[in-house]
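Presented below is the structure to which this report refers.
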Amino acid sequence: MAVDLNKRPDDMIRITTKELADRFIEEQVAAVRAQVGDKKVLLALSGGVDSSVVAALLIKAIGKQLVCVHVNHGLMRKGESEQVIEIFGKALDANLVYIDATDRFLDLLAGVSDPESKRKIIGKEFIEVFADEARKLEGVEFLAQGTIYPDILESIKQAEGKKAVKSHHNVGGLPEDLKFELVEPVKLLFKDEVRVVGEALGLPHAMVYRQPFPGPGLGVRCLGAITRDRLHALREADAILREEFALCGLSEKTWQYFIAIPDIKSVGVKDDSRYEGWPAIIRAVNTKDAMTATVEEIPYAVLHKIVARITNEVEGINRVLYDLTPKPTGTIEWE
Ligand code: XMP
């Protein structure tokens, strides 16, 4: 009977130690070299855990034959694109193409308030920007993807007709003229194993243990129609939250923690004057599989510090709220 390459064998050992990860890396390096020969491989490198680990693995296997494309859709968190350039472009000396497509995305999103329309625009444009870049490159025959085992299980579920609550996007569905053979070296691994492999490859702990971040990025946290000023305030407030969570150890024990900003203003006061501003909403949750979630307890002292810093340091925000709703009934994201 033929072996199903998309099925994790029942007796596959879980990768829990550096030794097991090293063995896995060695096997995959050999497998990738055998698969691609001297051809080029393209990878959309978002800076998330999965694509970063695949990038590091392929750099080890085929060096400059890997072309990493990082599309900055203008909806990244503060410092994220810079980190990709720093680690992959400089430290690992990768063949990295950086595309700042901020204006393309934000112009298309102007005035669009429906969450699913926003997701579709971002997903479609992402593929277009990436495809434009792929057409410019010569000799590319392979596309690497950070597919992991839960993605495969999810596709099986969807093929069986179970409905997804929100449409998530990845680089699947490239246009007809772009036909690549896939390279998916971590497709049989669970997330915790991908992290162990990432650390064994020498990626920074903070990158490998980074919280999940949705493909549409801050686009689904700048609620309703995105504006550049509110997006900027969101990015700054989110950076403060992340900094404070790291300082008090909450980042290690919280699955996801971020800020969302709704498209409303309230009256406030600053320097003895009326000050209309947006409210920043703190979301901090724990979950095992993102299907249900509980709210993380943030000590009051930490909350007060976050409120003070955001309202003092971020232009346009005059209140901070803390969302105490578990999932259900609230989803993790607000959109
Ligand atoms: P919800 O909001 O449905 O989120 O409770 C569950 C998990 O999925 C993430 N999420 C997304 N990830 N594209 C993604 O790649 C999306 O459009 C998207 N929407 C939600 C969310 O951050 C959480 O981890």
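The values are calculated or read from the model by the stated rules, or taken from the named source; none is laboratory data. Note that the structure is predicted; figures quoted are calculated from it, not measured. All Cβ positions, even for glycine, are placed from backbone atoms using ideal geometry, and neighbour counts span all protein chains on display. Just so you know, the surface numbers come from the protein's heavy atoms only, side chains and all, with ligands and any DNA or RNA stripped out. Shrake-Rupley method; radii C 1.70, N 1.55, O 1.52, S 1.80 Å.
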ask   = At each listed q (0.13, 0.22 Å⁻¹), what is the log10 of I(q)/I(0) that the Debye formula gives for the range 221-322 modelled as equal alpha-carbon point scatterers?
value = -0.47, -1.16
message = So with the 1.4 Å probe, I'd like the accessible area per residue for the chain, rounded to whole Å².
response = 50
request  = Could you tell me the accessible area of residue 291 in Å² (1.4 Å probe, neighbours in place), rounded to the nearest ten?
outcome  = 120
key: Estimated 222 nm signal from helices in the chain, with DSSP H stretches of n ≥ 4 weighted -39500 (n - 2.57), rounded to 500   = -12000 deg cm²/dmol
Non-local Lys pairs in the range 1-125, i.e. 8 or more apart or on different chains, that have alpha carbons under 22 Å apart = 10
ask   = Quick one: helix 191-200 against the long Cα principal axis of the chain, what's the angle to the nearest 10°, folded into 0 to 90?
value = 70
key: Solvent exposure ordering (accessible area, 1.4 Å, most first) of 248, 222   = 248, 222
key: Charge dipole magnitude, Cβ of K and R +1, D and E -1 - the chain, Cα centre, debye nearest 20   = 400
query = What are the ³J(HN,Hα) values, in whole Hz, obtained from phi via the Karplus relation 6.51 cos²θ - 1.76 cosθ + 1.60 with θ = phi - 60°, for each residue of the range 26-41 in sequence order, with x given for Gly and Pro?
reply = 4, 5, 5, 4, 5, 5, 5, 4, 5, 6, 9, x, 9, 7, 8, 10
inquiry  = Would the range 171-276 count as rounded, prolate or oblate if I go by the C-alpha gyration tensor, calling it rounded below 1.5 in a/c and otherwise prolate when a/b exceeds b/c, oblate otherwise?
reply    = oblate
ask   = Using a probe of 1.4 angstrom, how much of the accessible area of the chain is carbon and sulfur, in percent?
value = 55
message = Give the lysines whose C-alpha is closer than 19 Å to that of residue 288, dropping any in the same chain fewer than 8 places away, or say none.
response = 157, 166, 191, 253, 327
ask   = To the nearest 20 debye, what charge dipole does the range 18-208 have about its Cα centre, counting +1 at the Cβ of each Lys and Arg and -1 at the Cβ of each Asp and Glu?
value = 280
task = Report, by chain and number, residues whose modeled amide H sits under 5 Å from the one on residue 94, excluding near sequence neighbours (fewer than 5 apart, same chain).
result = 89
message = Could you compute the net charge surrounding residue 195? Neighbours are other residues with a C-beta less than 15 Å from the C-beta of residue 195; K and R count +1, D and E count -1.
response = -2
request  = Please compute the net charge surrounding residue 63, taking Lys and Arg as +1 and Asp and Glu as -1 over other residues with Cβ under 14 Å from its Cβ.
outcome  = +3
request  = Considering the options 316, 275, 328, tell which one lies farthest towards the positive end of the dipole of the chain, charges being +1 on Lys and Arg and -1 on Asp and Glu at the Cβ, about the Cα centre.
outcome  = 328
request  = Could you work out which residue, out of 254, 17, 147, moves most in a Gaussian network model of the chain, that is, has the largest mean-square fluctuation with Cα springs under 10 Å?
outcome  = 17
query = Using a Gaussian network model of the chain with C-alpha springs under 10 Å, which one of 238, 100, 11 is most mobile by mean-square fluctuation?
reply = 11
message = Using the Cα centre of the range 18-208 as origin and beta-carbon charges of +1 (Lys, Arg) and -1 (Asp, Glu), tell me which of 190, 201, 178 is placed farthest towards the positive end of the dipole.
response = 190
remark   = Of all C-alpha pairs within the chain, those more than 37 angstrom apart amount in percent to 20
In degrees, nearest ten, helix 228-247 long axis to first principal axis of the chain (Cα) = 80
query = What percent does the relative contact order of the chain come to when contacts are Cα pairs within less than 8 Å and at least six residues apart?
reply = 17
remark   = With all protein chains present and a 1.4 Å probe, the order of 138, 296 from largest accessible area down is 138, 296
query = Where both partners of a DSSP beta bridge lie in the chain, what percent of those bridges are antiparallel, to the nearest 5?
reply = 35
note = Taking the dipole of the chain about the Cα centre (Lys, Arg +1; Asp, Glu -1; charges at Cβ), the one of 52, 295, 232 that reaches farthest to the positive side is 295
message = How charged is the neighbourhood of residue 207? Take every other residue with its Cβ under 12 Å from the Cβ of residue 207, and add Lys/Arg as +1 and Asp/Glu as -1.
response = -2
